[in-house]
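Structure first, commentary second.
Read-outs: derived from the displayed coordinates by stated rules, not from any lab. What you are looking at is a predicted structure, and each value in this text was computed from that prediction instead of being measured. Heads up, the Cβs are rebuilt from the backbone with ideal geometry, glycines too, and the neighbour counts pull from every protein chain shown.
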Amino acid sequence: MGKAEVETVTIVIDSGVWISAIQFGGSPRAAIQLAHAVGEIAVCEPILSEVTRVLHDKFGIQKQRSLPLLHGFLGAQGMVELPARISAICRDPKDDMVIACAKAARAEVIISGDKDLLVLHPIGDIQVLTPSAFLKFHT
């Protein structure tokens, strides 16, 4: 009998978790590392743009430095194209891009610390977990 196929989990990580992981480490960084171990991270251009903007505006990190940091965390993960029109789902419209990314990637999990996203758990078949909850759920 052959090995059972292990299904890969697709995970979308909210920009706030990326920023916390890069700047502070802790459970956001551990969650990203675990996401690499248990699945594939999907990301879209709007999330990357938001991360680089906040890293620059709040922490003074230039785009030339933040993009290599992000790509170091991402590795060879999947870039997702978002539909031209994103449905309004979240009470904070800025967070709709995270949901759109998860839907386009057919993700099973969104990792976020954003209450506007967490309150929606679950979004269809997509779990919305804090970094700490993701760590507890997958270890």
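Assorted remarks:
- Over the range 37-139, Cα pairs under 8 Å with separation of 6+ residues give a relative contact order of 23 percent.
- The calculated FRET efficiency for the pair residue 57 and residue 94, based on their C-beta separation and a Förster distance of 22 Å, comes to about 0.95.
- Under a 5 Å amide H cut-off, with hydrogens placed 1.01 Å from N, residue 128 pairs with 110, 123 among residues at least 5 apart or on other chains.
- The simple spin-label model puts a point 7 Å past each Cα toward its Cβ; for residue 64 and residue 125 those points are separated by 4.5 nm.
- In a DSSP loop and with at most 15 other Cβ atoms within 10 Å, the trypsin sites (Lys or Arg not before Pro) in the range 40-139 are 85, 91, 106.
- Exposure proxy for 43, 9: other Cβ atoms within 10 Å of each Cβ, ordered fewest to most, give 9, 43.
- Counting only DSSP H runs of at least 4 residues, each contributing -39500 (n - 2.57), and dividing by the residue count of the chain, the helix-based mean residue ellipticity at 222 nm comes to -15000 deg cm²/dmol.
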